[in-house]
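Before any comments, here is the structure.
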Amino acid sequence: MEERDVWVIGHRHPDTDSICAAIAYADYKNLLETKNQTISGKKNRYIAKRAGNVNAETSYVLQYFGEEAPELISDVGTQIRDISIRRTEGVSSHISMKKAWEMMKILKVVSLPVVNSRNQLEGLIVTGDIAKSYMDVYDNYVLSTARTQYKNIVETLQGKVLTGNEHGYFVKGKVVVGVGIQANLGGCIEPDDLVILGDREEAQLLAIEENCSCLIVTNGLEVSQEVVSAAATRDVVVISTPYETFTVARLINQSMPIKFFMTKDDIIHFHMDDYVDEVREAMTKIRHRDFPVLDDNQNYVGMISRRNLLSGQKKQVILVDHNEKSQAVSNIEEAEILEIIDHHRLGSLETIAPVYFRNQPLGCTSTIIYQMYQEQQIEIAKPIAGLLCAAILSDTLMFRSPTCTPADRAAAEALARIAQINVTEFAQKMFEAGSDFENKTDEEIFNQDFKIFHSGDISFGVAQISAMSQTELARVEERVAPILPQMLLEKKVEMIFVMLTDILEESTRLIFVGEDAKDVVTDAFGAAEKSQIELKGVVSRKKQLIPALMNALAER
């Protein structure tokens, strides 16, 4: 049965709802898939992912219910692992040029990857290298310089070893073609030479007496036992070939190992996790036709070309707790969005094909997911119930937020019974864990719940930091306020607003930065001081702050 992974992902800088909703919805979809399984031969596997770091509050929730944090995914662009790779097997650097050429013809490729015994890339041999080996003029020592194995010579010449070790190497001496007067032959042969001869037995014995390393007898002629015995005594390799002397002299250089001609240094290669856009750009700057692909352990996997990049299969994703492009994982436009489950205003995401989009005016995405379990009559496991309940308590500030609806409260109470937790006690411990800022950097505190919004051509960011007391929030303000100008540049927005929300007092101290931020806040909430304003009764970013800021910006 064909199985495809579908990632369920929340927004960047995820809060408890974003993480818990992803885990729970992946669980729901997998259970629903099993329940409705058909004979179609296709089955999706839903996997929770996260688009940012887990904050302290969420960490407490996950640990309490024994759940692992989803894997961090920073980009959903198409990667090499998502495309069809040509699984051309790597070859040994010892094979002959002739064999490499024959393999290229059979495989209909122009490049062969060269690997060692551990399948690690050593080099590349291309048709241009083979053409060069045929066309360039080499001296008669090139065969030994290339350390040619006798086995390669036998294979290239379609020969037969009559005596000697075919696994040995020709590493010293020159190639001598024995033609003409025998008397002149003795002066041409030196120890360790490779000699090519016809059927002249006297010349064959002479070459052996001169301590040649290899004797090649052409024309498929029978070699006498006397010659074979003499060669065996002196460890001379004797090869019989059906080719005539001219053909042998022409072919013998093709027996050289490819390692003598292959490209070894500065090989352009890619990895399975590389993104197709980056690979495509790199390929435009290089004239090569094929490129090797390596895995995380630097082992050779296969070859790709520009044509392979057209076969990319987009990642399939489901988005939870957001529908804004600015809040989504990077390269979301390259992924295939299958579903969106959210409780926020409609954002800027666009899809190529219709998607299942469930958006309800509730206080928490996890409330929607709870309803979906109920609608399909799927039993909720105790840990999943705990995660969903925690998400609702977090998003509604334990039912204090104006975004909280009766449906949110009813869902949380029902889930609390399944998870066997006391809502008040658990919420207090969860909020306390989230208010522990001692071990966090200033940037981590700022980013733990930060989102970017757009109004026309204006982009602005809103961070919300909640705590159980004004004292704790005052310490947070001292740390966060000084970095806001830096964050303004880093986030590439015109204004930044930070909600310092007191959960128990149900109020927010709003601090801000940006050229027009003060005027926007004044238009939205009344007179503001230089960089701050007290907002009694304001605790919801989604329902109380963002609409007011949007209206103020729209009227400017």
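The values are calculated or read from the model by the stated rules, or taken from the named source; none is laboratory data. Since this is a predicted model, take the numbers as computed values, not measurements. Cβ: placed from backbone, ideal geometry, glycine included. Neighbour counts: every protein chain shown. Side chains included, ligands, DNA and RNA excluded: accessible areas come from the protein's heavy atoms. Shrake-Rupley method; radii C 1.70, N 1.55, O 1.52, S 1.80 Å.
Points to keep in mind about this one:
- Count of the stretch 23-61 residues, restricted to those that are closer than 26 Å to residue 541 by Cβ and under 21 Å from the mean Cα position of the chain (by Cα), is 6.
- Residue within the stretch 244-256 that is more than 30 Å from residue 120 (Cβ to Cβ) and assigned to a loop (DSSP other than H, G, I, E, B) present: yes
- Residues that are within 11 Å of residue 259 (Cα to Cα) and either assigned to a helix (DSSP H, G or I) or without any contact (Cβ under 8 Å) to a residue 24 or more places away in the chain (or both), drawn from the stretch 117-144: 129
- Among (1) free of Cβ contacts under 8 Å to residues at least 24 places away in the same chain; (2) open to solvent by less than 60 Å² (accessible area, probe 1.4 Å), the one test that residue 297 misses: (2)
- All told, residue 362 meets the bar of being aliphatic (A, V, I, L, M), touching a His at 6+ places or on another chain (Cβ under 8 Å) and in a loop (DSSP other than H, G, I, E, B).
- Among residues of the stretch 109-156 being in contact with a helix residue (DSSP H, G or I) (Cβ under 9 Å, 6 or more places away or on another chain) and acidic (Asp, Glu), the one that is nearest to residue 93 (Cα to Cα) is 122.
- When the stretch 60-75 is filtered for residues that are buried (at least 16 other Cβ atoms within 10 Å of the Cβ) and in a helix (DSSP H, G or I), the ones remaining, listed by number, are 60, 61, 62, 64.
- Residues that are in contact with a Leu (Cβ under 8 Å, 6 or more places away or on another chain) number at least 2 in the following helices (runs of 4 or more DSSP H) confined to the stretch 466-537: 470-480, 517-525.
Residues are listed down the side, and each one gets a yes or a no for (1) crowded, with 16+ Cβ neighbours inside 10 Å; (2) at pLDDT 95 or above; (3) more than 25 Å from residue 148 (Cα to Cα); (4) among the aliphatic types (A, V, I, L, M):
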{"residue": "234", "(1), (2), (3), (4)": "no, no, no, no"}
{"residue": "244", "(1), (2), (3), (4)": "no, no, no, no"}
{"residue": "255", "(1), (2), (3), (4)": "yes, no, no, no"}
{"residue": "260", "(1), (2), (3), (4)": "yes, no, no, no"}
{"residue": "269", "(1), (2), (3), (4)": "yes, no, yes, no"}
{"residue": "292", "(1), (2), (3), (4)": "yes, no, yes, no"}
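- Residue ID - surrounded by the fewest Cβ atoms within 10 Å (Cβ to Cβ), chosen from residues in the stretch 167-194 that are modelled with pLDDT of 90 or more and of a type in the set (Asp, Glu): 192
- Screening the stretch 477-534 for residues that are open to solvent by less than 10 Å² (accessible area, probe 1.4 Å) and under 37 Å from the mean Cα position of the chain (by Cα) and picking the one that is farthest from residue 326 (Cα to Cα) gives 480.
- Filtering the stretch 76-96 to residues that are assigned to a helix (DSSP H, G or I) and either among the β-branched types (Val, Ile, Thr) or crowded, with 20+ Cβ neighbours inside 10 Å (or both) leaves only 80.
- Members of the stretch 300-343 found to be assigned to a loop (DSSP other than H, G, I, E, B) and either among the hydrophobic types (A, V, I, L, M, F, W, C) or open to solvent by 40 Å² or more (accessible area, probe 1.4 Å) (or both), listed by number: 306, 313, 314, 328, 329, 331, 335
- A search for C-beta distances below 6 Å between a residue of the stretch 211-238 that is under 11 Å from residue 194 (Cβ atoms) and touching a residue at least 24 places away in the same chain (Cβ under 8 Å) and any residue that is outside any strand (DSSP E or B) and among the hydroxyl-bearing types (Ser, Thr, Tyr), counting only pairs 6+ apart in sequence or on different chains, returns 237/150.
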